[in-house]
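Nothing in this text is a laboratory measurement; each read-out follows from the coordinates by a stated rule. If you're wondering where the values come from, they're calculated on a predicted model, not measured in any experiment. Neighbour counts run over all protein chains shown; Cβ positions are idealised from the backbone, glycine included.
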Amino acid sequence: MNISTHAQGTPVKGFENLNWVAPDDTLPRDREQSQRLHEPDHLINTIDPITNRDIENVESHPFIVDGNLTIYFESEKTRQAYRETPIDHPYAHLPDNFPKEVDRGG
């Protein structure tokens, strides 16, 4: 009695060729890369950037709309503090001359 198991161990496709190319049976929508991949139309930030607290009910809280970003604040006081933060350097209380070990090369 001769039982052959050769067919059971043979792969369906022969991957021994390094230049194997898959057949071109992709869907029309997948043939080119989407330019809008992971790009939402509008972002909403519900974490107050001053207090770092999450705001659950945003309907009654002040906010700022900046392009496609809406930032919600806990109170008008934190909103005003955010607006008064300097754009170029938000930590004005730091010294001008940093030690060499603090320099990050920027």
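What the table shows:
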| read-out | value |
| --- | --- |
| TYR82 paired with ASN68, simple spin-label distance in nm, labels 7 Å along Cα-to-beta-carbon | 1.9 nm |
| Cα pair distances exceeding 18 angstrom across the stretch 38-87, given as percent | 27 percent |
| Residues LEU69, LEU27, sorted so that the one with the fewest Cβ neighbours within 10 Å comes first | LEU27, LEU69 |
| DSSP bridge pairs, the stretch 38-87: antiparallel proportion in percent, nearest 5 | 60 percent |
